[in-house]
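*Asks:* Take a look at the following structure, please.
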Amino acid sequence: MKKEPAGDSSLSETMVARIEINELGDVARQKEITDAVEALDGVIEMKIEKGALHVSYDPLATTEKKIEQTIRSTGTTVKAAVTDTESAHPDLPTPTQIEHALPKKTHDRKNA
């Protein structure tokens, strides 16, 4: 399942879709759904947690809509879907922290 993102991974962010599915409690249905989604190009990782399928994927290779269509093709009903970019690791600095750490620019003096 851990497929490498297509193309140059520095040009894209990993997306995460949280898809609520009606029949997710059935183990046989879970396997059918995860096998179908796993076969899509661009799917990096997935897990079933708190009544939803969480899928990390490369947006250059697939989309949330393709993932939803694949789930529906198994005869399953999608209740809701939400997509977001994957959060940065908590130990990594945020862009705001980096900006504050940079030295302040001094104003140019024209008549110095």
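The values are calculated or read from the model by the stated rules, or taken from the named source; none is laboratory data. All values derive from a computational prediction rather than experimental measurement. Methodologically, a virtual Cβ is constructed for each residue, glycine included, from the backbone with ideal geometry; neighbour enumeration extends over all protein chains shown.
*Asks:* Within region 22-47, which residues are touching a strand residue (DSSP E or B) at 6+ places or on another chain (Cβ under 9 Å) and modelled with pLDDT under 90?
*Replies:* Scanning region 22-47 gives Asn22, Leu24, Arg29.
*Asks:* Report the residue count in region 51-85 for those that are in contact (Cβ under 8 Å) with a residue 40 or more places away in the chain and within 11 Å of the chain's Cα centre (by Cα).
*Replies:* Residues meeting the conditions: 9.
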